[in-house]
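In what follows, a single structure is set out as structure tokens and then discussed.
Coordinate-derived values only; no laboratory data. The structure presented is a predicted model; accordingly, all values stated were derived computationally and were not measured. Every residue, glycine as well, gets a Cβ built from its backbone with ideal geometry; the counts of neighbours run over all protein chains shown.
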Amino acid sequence: MKRVFDFIWPVIGILAVIGSVWMLSYEFRGDSVGPEVWANLKAISPHQYALALASTLLAYAALAGYDRIALLHLGINHISWTFISLCSFTTYALGHNIGASVFSGAMVRYRAYSTKGLSAAQVAVLVGFCSLTFGLGTLLLGGMVLVIKPEQLQRLDGVLPAIMTNPLTSRALGLACLLAVILYGLGSVLRLRPLVIGGLRIDYPHPKIMLMQFVVAPMELLGAAGIIYFALPEAGNPGYFVVLGVFLASFSAALVSNAPGGLGVFELVFIKALPAVPQFKILAALLVFRLFYLLIPLLFAIVVVVLFERSKLDLTLHRNAADADAPKASAGQSRAR
């Protein structure tokens, strides 16, 4: 069954990209998309770009915090912040662009953290704990948005089922999200036994670590949403709270679709949810997001991976050379006797 799902999920992701791109092309039929988007990119001020960059740094600093918190949960504190930051940055930069199925999981982290003495089991716990931290952040912020502004989901009328966009249903969903976060916090404070749901096992962390999760997880999402908010024009800008709510919905839809980088899905939901903002201005802001949050980090991540693998290769070659010289030295000593 696992082999079947390993085949199905990539197909679903590809179909989601194709479907979303087709719907986007329908939205922009007859328009000169390239020149219009380029004109809107040039209209974004250097100050806006600087704020978008600062938001990007906040988001990736928080992602490094995910790994740090997970390592503390495992009782590991001998790894430097520099190493953790590089490992986290590389993992998420690759995962955000290529998809979560391979690169955002154990493979990259195991390759890096095994050099620091972590076992495969420890890396598996670390990956799961990072995913849990992200989930808590999404539930916390999503719950707050839906409770305070339950009409937010009405922006997705026609995209979501009508029952989901009803304000009463939205507020109930927000309360359910917040309740889940509260129960997790109580489980940590009361030191309850691990929660097992099917094949999922949740070990409640120490309350101090739990509080760190509640601080760091929202920071990443707030920073990522800030990139888009600052790239949008002041005229017609719906405000940060609205952009945050739409971002959470778009990002969640992109994750569920399994589309690489959420390509097409992310853009389609954003455009549908902000009908009052000119579509080309939204596309320009989303392009800035993809550039700052996805593409530039991906380029740096590739460099980090190449340098890391080169250093490991050099170390292996030196070790093999030393092992080859050892028998010769031993034989020379024997002849001398």
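With the highest mean first, a sort of the peptides 60-72, 77-89 on other beta-carbon atoms found within 10 angstrom per residue produces 60-72, 77-89.
At 0.36 nm per residue, minus the direct Cα-Cα distance, what do Arg193 and Ser80 gain on full extension? Give it in nm, one decimal, please. All intermediate terms of the calculation are to be shown ahead of the outcome.
Working: separation 113, 0.36 × 113 = 40.68 nm, distance 3.12 nm.
Result: 37.6 nm gained on full extension.
Remark: the Cα gyration tensor places region 84-242 in the oblate category, a/c being 1.5 or greater and a/b not exceeding b/c.
With one equal scatterer per alpha carbon and no solvent term, the Debye-computed log10 I(q)/I(0) for region 153-250 at 0.22 1/Å reads -1.14. Each of Val215, Ile227, Ala273 was scored by the projection of its Cα onto the charge dipole of region 186-307, and the greatest displacement toward the positive side belongs to Val215; charges sit on the C-beta of Lys, Arg, Asp and Glu. Once both labels are positioned 7 Å from their Cα atoms along Cα-to-Cβ, the gap between Thr169 and Ile98 label points is 3.9 nm. Placing +1 on the Cβ of every Lys and Arg and -1 on the Cβ of every Asp and Glu, with no other charges, gives region 37-172 a dipole of roughly 160 debye about its Cα centre. Normalised by the number of residues in region 118-198, the mean separation of alpha-carbon contacts (under 8 Å, six or more apart) gives a relative contact order of 29 percent.
Can you tell me the FRET efficiency between Val256 and Asp157 if r is taken as the Cβ-Cβ distance and R0 is 25 Å, rounded to the nearest 0.05? Working shown, then result.
Details: r = 19 Å, r/R0 = 0.76.
Efficiency at R0 = 25 Å is approximately 0.85.
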